[in-house]
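The values are calculated or read from the model by the stated rules, or taken from the named source; none is laboratory data. These figures come from a predicted structure and were not determined experimentally. Quick reminder, even Gly has a Cβ in these numbers, built from the backbone with ideal geometry, and neighbours come from all protein chains shown. The protein model used for the area step is the full one, side chains on, heavy atoms only, and it has no ligands, DNA or RNA in it. Shrake-Rupley method; radii C 1.70, N 1.55, O 1.52, S 1.80 Å.
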Amino acid sequence: MARAAAALALGRGEVDAASLVLFRIAFGALMTANVVRYEAMGWVDDLFVAPTLAFPYWGFEWVRPLPAPGIHALFALVAVAALGIALGAFYRLSCAVFFLAFTYIELIDRTTYLNHYYLVSVLAALLFFMPLHRVASVDAWRRRRRTGEAKPLFVLPRWPLSVLRLQIGLVYVFAGLAKVHGDWLLAAEPLATWLPRHTDLPLVGGLMDERWLAYAMSWAGMLFDLTIPFWLSWRRSRAVAYAAVLAFHAVTGFLFPIGIFPWLMSAAATVFFEPGWPRHFARLVGRPRTAPALPPTPGCPLRPLRPRQLFARVVLGVHFAVQLLLPLRQHLYPGERTWHEQGFRFAWNVMLVEKTAMVDFRVVDAAGGETVVHPREILTPLQRRMMTTQPDMILSFAHHLRDRWAAEGRGEVEVYVDAWCALNGRRRQRFIDPEVDLARVEASLAPRDWVLPLAPRDGR
Amino acid sequence: MTTRFLRLSALFALPALLAVSCGDTAGDDFDRSAMLRSIGETVILPTYRDFAAGARALDAASAAFCASPSAETLDATQQAFWDAKGFLKEAEASAYGPHTDNPLRLGPRVDFWPARTDSVDALLAAEDAVDAEALASRGAGEVGLPAIGYLLHDPTGGDEAVLAAFEADARRCAYLEGLAAYLVESADAYVTAWDPSGGDHLGELAEGRGLYVDVFRAASHVFEQVLWTIENVRELKLGKPFGKRDGGVLQPGQLEAPYSGRSLQDAIDALRGAEAVYLGRRGEVQGIGLRDWLLTRRPALDAEVQAAFGDAYAALEAVEGPLRQAIESDAAGVEDAYQAVKELQLVLSVDVAQALAITVTFNPTDGD
């Protein structure tokens, strides 16, 4: 008995496939819709064609922007692959193509970094290893036609469900931990800054600049993120918890421009339900489907893992070790993480920062001539906004200027910045040490001593 | 059980306590739509009406000058040009909608600077028609106030050289009159486009319709144009000719109005327009401006903004102009003006934008 329980905990055995199949379909359909949305809004051109300069990630400088036809083709490939995932058609190939193409797009420019697109890449990578196409898929249908096999039981291995639960749970919990922060809890920032944007709303507009609401939403948001995986996992609280999930994501999706995130998380939260939960709804609409008779859970002794299974376990182990350590790395750096933003990406720091900034770049040539470079001449408005608020992008832009001067045969230069930034309702402060020649500072993982420390919050 | 209840109560009471203790910016009920309408009615539309009246005065003065060229009629035409341009520079702070967007896109038709003197000279030397109707289909470098400024002024030879040039070539007067008449048409088009009884762009802005999507984004747009105007004053009107972008090498060819000697005044007028939108006040007429919005969010900042405007004017007026000479003879004065405008830009683009929660970008893609 104890062995069987252990097997279940480890994700061995099989479960009703309904929940996992629905997740596969929802993920693929959402991603397809997202590509259509990007094209319809003209964002592919705005974000990936219009820029004359990109900000690739450290270590991924080899990822280059594509010309317009190339990037549109890549988006089309993402859509086709996402559709393949939804339908379970050429599933492994679709997962691989989706992951590679989507991640390539995300790696082109740090300007476009979004937590939920990082989550999409992570989920796509996990889906590649999960055999979610074994049932209710084009692949299963093709296989049956090819081999004449009988229709398989509507079951899938348990471990994909466990893996998805762990992954989604980590996202929520780390997002909650990130909100255990002075600005968020003690100053209700940045919600106190953001909510008054919506005072023009009918009925509730009058509440939007009430400070108590910002505090209530900040604390509720923190508690929600920290605990929701557990409420969803507990059968007795599940219905209320999921109603809260829908309400939470509906409100945040309505108030803030966070794209598909609310839809993605609303779909992802269903992995915490019983594996056969969609059958309840099938019954409600009068199309009952009987739950499959599950094969017995491996009894004792447990069979030794086959090499492929062992490899998959190792990969998953490494994956979750990375998932645990990546969000924690920001705490290794001294100073205020929302200010210097070291280790800030890939750490589920969702909706924590409102920054406004202004940066002038001063290029000094060997003869002492000074040129002031205004970023607006080179960057798109979005790139400019992101660059001026993120130190690593400021450094990259300084390096771009250094390299540009050299490429034009204008010799070695020094690059200094006059950078000012306001964070989460604070007054502006000098952001970068104006005496540091950024042309000589190399990008690295070391603490950035050229980012000036954030002064304590003053009065309003 | 009791202990757990107390703990839970404390947890939920904490935010409420914090809210009460930090509630200094709560509950302003500021009506941004009313602010936008007021800015439109108090600042934008009157500025364009003044510009249209100025264009008519310039048209009349040009006709009088061409009918009877003399030092007096030239002086009157130059004065009319100066006045009309002042109104257009004030309107830079509201240079969106019909100014930038198709189908009207009036901006390049009235103010494509620096003057493309080669284009103007080439059209003078050609035999193409130069009446208002013909000019409507000519390139932006051949029309608008910069071209008129070039025809009416000669910083080297003075008014005598201008008069001599007009007397030597009758086509010059025909071109001037055509330019002035076309300017009237363009100025009228601005008024019609903004007027609630015409294109009602004012209503579109105030209600956050069309391109503005909603009222907050419309208000953000108005604020961003104020910022853009101030940034242009610093970077284009002052910094560029001063060599800021070119290793300190002066670029007199980048002056906004080198022929009329109006470059500094252009900068001042543009700031006046930005200040009018901020204050919601033009002349003696006081409406609701961005300042009133800021007062509901971070009142202490207003004094800084107004002081920064004052410092910028003082620094610009202290420059021993015209700017084409000052960039050489009064470098310290130009540098002071540049820095003063930068301070104004800084307080608005960082502190005020933070207080008003305006994300300074026109790109509305997803966040976080």
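Somewhere in the range B:302-319, is a residue open to solvent by 60 Å² or more (accessible area, probe 1.4 Å), assigned to a helix (DSSP H, G or I), touching a helix residue (DSSP H, G or I) at 6+ places or on another chain (Cβ under 9 Å) and within 14 Å of chain A (Cβ to nearest Cβ)?
Scanning the range B:302-319, I find at least one residue that is open to solvent by 60 Å² or more (accessible area, probe 1.4 Å), assigned to a helix (DSSP H, G or I), touching a helix residue (DSSP H, G or I) at 6+ places or on another chain (Cβ under 9 Å) and within 14 Å of chain A (Cβ to nearest Cβ), so the answer is yes.
Within the range B:16-44, track down each residue that is at pLDDT 90 or above, of a type in the set (A, V, I, L, M, F, W, C) and either open to solvent by 10 Å² or more (accessible area, probe 1.4 Å) or in a loop (DSSP other than H, G, I, E, B) (or both). It would help to see each step written out before you state the result.
Residues of the range B:16-44 that are at pLDDT 90 or above, as a first pass: B:31-44.
Now narrow it down to the ones that are of a type in the set (A, V, I, L, M, F, W, C): B:34-36, B:39, B:43-44.
Within the range B:16-44, B:ALA34 is the sole residue that qualifies.
In the set A:ARG376, A:ARG362, A:ARG313, which member is assigned to a helix (DSSP H, G or I), open to solvent by 20 Å² or more (accessible area, probe 1.4 Å) and closer than 25 Å to B:GLU343 by Cβ?
After ruling out the rest, the residue left standing is A:ARG376.
Checking A:GLY42 against (1) without any contact (Cβ under 8 Å) to a residue 40 or more places away in the chain; (2) surrounded by 16 or more Cβ atoms within 10 Å (Cβ to Cβ), only one condition comes out false. Which one?
It fails just one condition, (2).
Please verify whether B:GLY198 is of a type outside the set (S, T, N, Q) and without any contact (Cβ under 8 Å) to a residue 12 or more places away in the chain, treating the condition exactly as stated. Before the answer, list the steps.
Values: of a type outside the set (S, T, N, Q): yes; without any contact (Cβ under 8 Å) to a residue 12 or more places away in the chain: yes.
When the stated conditions are applied, B:GLY198 passes them.
Hey, which of the helices (runs of 4 or more DSSP H) in the range A:136-223, taking only ones fully inside, have at least 2 residues that are at pLDDT 95 or above and away from every other protein chain (no Cβ under 14 Å)?
Working: elements: A:138-147, A:159-178, A:182-186, A:191-194.
The qualifying helices (runs of 4 or more DSSP H) are A:138-147, A:159-178.
Which numbered condition trips up A:ARG24, out of (1) surrounded by fewer than 21 Cβ atoms within 10 Å (Cβ to Cβ); (2) more than 14 Å from chain B (Cβ to nearest Cβ); (3) within 30 Å of A:ARG142 (Cβ to Cβ)?
Going through (1) surrounded by fewer than 21 Cβ atoms within 10 Å (Cβ to Cβ); (2) more than 14 Å from chain B (Cβ to nearest Cβ); (3) within 30 Å of A:ARG142 (Cβ to Cβ) one by one, A:ARG24 breaks only (1).
So which of A:ALA243, A:ALA250 is over 30 Å from A:ALA125 (Cβ atoms), away from every other protein chain (no Cβ under 14 Å) and open to solvent by 20 Å² or more (accessible area, probe 1.4 Å)? Even if it seems obvious, please write down each step before you answer.
Values: A:ALA250 fails: over 30 Å from A:ALA125 (Cβ atoms).
Just one listed residue meets the conditions, A:ALA243.
Can you name every residue in the range A:224-233 that is within 13 Å of chain B (Cβ to nearest Cβ) and surrounded by fewer than 17 Cβ atoms within 10 Å (Cβ to Cβ)?
Scanning the range A:224-233 gives a single hit, A:THR227.
Regarding B:GLY144, is this residue under 15 Å from B:GLU185 (Cβ atoms) and touching a helix residue (DSSP H, G or I) at 6+ places or on another chain (Cβ under 9 Å)?
Numbers: under 15 Å from B:GLU185 (Cβ atoms): yes; touching a helix residue (DSSP H, G or I) at 6+ places or on another chain (Cβ under 9 Å): yes.
So B:GLY144 passes the test.
Sort out which residues of the range B:87-125 are of a type in the set (D, E, K, R), in a helix (DSSP H, G or I) and open to solvent by less than 50 Å² (accessible area, probe 1.4 Å), and write them in order of number. Let's see the steps before the verdict.
Looking only at the range B:87-125, we keep the residues that are of a type in the set (D, E, K, R), and these are B:89-90, B:92, B:101, B:105, B:109, B:111, B:116, B:118, B:121.
Keeping just the survivors that are in a helix (DSSP H, G or I) gives B:89-90, B:92, B:109, B:118, B:121.
Result: B:LYS89, B:GLU90, B:GLU92, B:ARG109.
If the Cβ limit is 8 Å and pairs must be 6+ apart or interchain, which residue in the range B:210-232 that is within 9 Å of chain A (Cβ to nearest Cβ) and closer than 22 Å to A:GLU377 by Cβ pairs with which residue that is among the charged types (D, E, K, R) and assigned to a helix (DSSP H, G or I)?
B:GLU231/A:ARG376
Looking at (1) farther than 30 Å from A:ALA17 by Cβ; (2) surrounded by fewer than 19 Cβ atoms within 10 Å (Cβ to Cβ); (3) in contact with a Phe, Trp or Tyr (Cβ under 9 Å, 6 or more places away or on another chain); (4) of a type in the set (A, V, I, L, M), which is the one condition that is false for A:VAL173?
Only one criterion is unmet by A:VAL173, namely (1).
Would you confirm whether or not the range B:270-284 contains a residue that is among the hydroxyl-bearing types (Ser, Thr, Tyr) and open to solvent by 20 Å² or more (accessible area, probe 1.4 Å)? Break it down into steps so the answer makes sense when it comes.
Taking the range B:270-284 and keeping what is among the hydroxyl-bearing types (Ser, Thr, Tyr), we get B:278.
After this cut, where a residue has to be open to solvent by 20 Å² or more (accessible area, probe 1.4 Å) as well, the list is none.
Within the range B:270-284, not a single residue is among the hydroxyl-bearing types (Ser, Thr, Tyr) and open to solvent by 20 Å² or more (accessible area, probe 1.4 Å).
I need the full set of residues from the range B:255-266 which are surrounded by 20 or more Cβ atoms within 10 Å (Cβ to Cβ) and not basic (Lys, Arg), in order please. Give the steps one after another, and end with the answer.
Initially, the range B:255-266 is screened for residues surrounded by 20 or more Cβ atoms within 10 Å (Cβ to Cβ), giving B:255-260, B:262-266.
Within the range B:255-266, B:LEU255, B:GLU256, B:ALA257, B:PRO258, B:TYR259, B:SER260, B:SER263, B:LEU264, B:GLN265, B:ASP266 qualify.
Could you give me the residue pairs with C-beta distances under 6 Å whose first residue belongs to the range B:339-357 and is within 7 Å of chain A (Cβ to nearest Cβ) and on the phi > 0 side of the Ramachandran plot, whose second residue is open to solvent by 10 Å² or more (accessible area, probe 1.4 Å) and part of a helix (DSSP H, G or I) wherever it lies, and which are 6+ apart or on separate chains?
What qualifies is B:ALA357/A:TRP194; B:ALA357/A:ARG197.
Here's the yes/no breakdown for (1) in contact (Cβ under 8 Å) with a residue 60 or more places away in the chain; (2) open to solvent by 30 Å² or more (accessible area, probe 1.4 Å); (3) assigned by TED's automatic domain parsing to the domain that holds A:ASP139:
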| position | (1), (2), (3) |
| --- | --- |
| A:ASP46 | yes, yes, yes |
| A:THR52 | yes, yes, yes |
| A:TRP58 | yes, yes, yes |
| A:PHE90 | no, yes, yes |
| A:PHE102 | yes, no, yes |
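Test B:ARG49 against the criterion of being open to solvent by 20 Å² or more (accessible area, probe 1.4 Å), under 20 Å from the mean Cα position of the chain (by Cα) and within 14 Å of chain A (Cβ to nearest Cβ), and give yes or no. Quick ask: steps written out before the conclusion?
On the way: open to solvent by 20 Å² or more (accessible area, probe 1.4 Å): yes; under 20 Å from the mean Cα position of the chain (by Cα): yes; within 14 Å of chain A (Cβ to nearest Cβ): no.
No.
Counting residues that are modelled with pLDDT of 95 or more and either more than 18 Å from the chain's Cα centre (by Cα) or on the phi < 0 side of the Ramachandran plot (or both), which helices (runs of 4 or more DSSP H) fully inside the range A:1-100 reach at least 2? So that I can check it myself, show each step before the final result.
Details: elements: A:2-9, A:18-40, A:68-87.
Because the criterion is at least 2 residues that are modelled with pLDDT of 95 or more and either more than 18 Å from the chain's Cα centre (by Cα) or on the phi < 0 side of the Ramachandran plot (or both), the helices (runs of 4 or more DSSP H) in the range A:1-100 that meet it are A:18-40, A:68-87.
Tell me which residues, restricted to the range A:394-423, are within 14 Å of chain B (Cβ to nearest Cβ) and open to solvent by less than 10 Å² (accessible area, probe 1.4 Å).
A:LEU401, A:VAL413, A:VAL415, A:VAL417, A:ALA419, A:CYS421, A:ALA422, A:LEU423
Where the second residue is polar (S, T, N, Q) and open to solvent by less than 30 Å² (accessible area, probe 1.4 Å) and the first is facing chain B (nearest Cβ under 7 Å) and under 14 Å from B:VAL350 (Cα atoms) and lies in the range A:370-390, which pairs have Cβ atoms under 6 Å and are six or more apart or on separate chains?
So the pair list comes out as A:ARG385/B:THR361.
Out of the residues in the range B:126-160 meeting the condition of being within 21 Å of the chain's Cα centre (by Cα) and hydrophobic (A, V, I, L, M, F, W, C), tell me which one is surrounded by the fewest Cβ atoms within 10 Å (Cβ to Cβ).
Residue satisfying both the conditions and the ranking: B:ALA140.
Does the range A:424-438 hold any residues that are within 14 Å of chain B (Cβ to nearest Cβ), open to solvent by 40 Å² or more (accessible area, probe 1.4 Å) and in a loop (DSSP other than H, G, I, E, B), and which are they?
Applying the first criterion (within 14 Å of chain B (Cβ to nearest Cβ)) to the range A:424-438 yields A:424-432, A:434.
So of that shortlist, the ones also open to solvent by 40 Å² or more (accessible area, probe 1.4 Å) come out as A:427-428, A:430.
If the condition is that a residue be within 14 Å of chain B (Cβ to nearest Cβ), open to solvent by 40 Å² or more (accessible area, probe 1.4 Å) and in a loop (DSSP other than H, G, I, E, B), then A:ARG427, A:ARG428 are the ones that fit.
Of these, B:LEU211, B:LEU250, B:LEU163, B:LEU179, which one is more than 25 Å from B:ALA274 (Cβ to Cβ), open to solvent by 50 Å² or more (accessible area, probe 1.4 Å) and either part of a helix (DSSP H, G or I) or touching an Asp or Glu at 6+ places or on another chain (Cβ under 8 Å) (or both)? First the steps, then the outcome.
Details: B:LEU211 fails: more than 25 Å from B:ALA274 (Cβ to Cβ); B:LEU163 fails: open to solvent by 50 Å² or more (accessible area, probe 1.4 Å); B:LEU179 fails: open to solvent by 50 Å² or more (accessible area, probe 1.4 Å).
Answer to the selection: B:LEU250.
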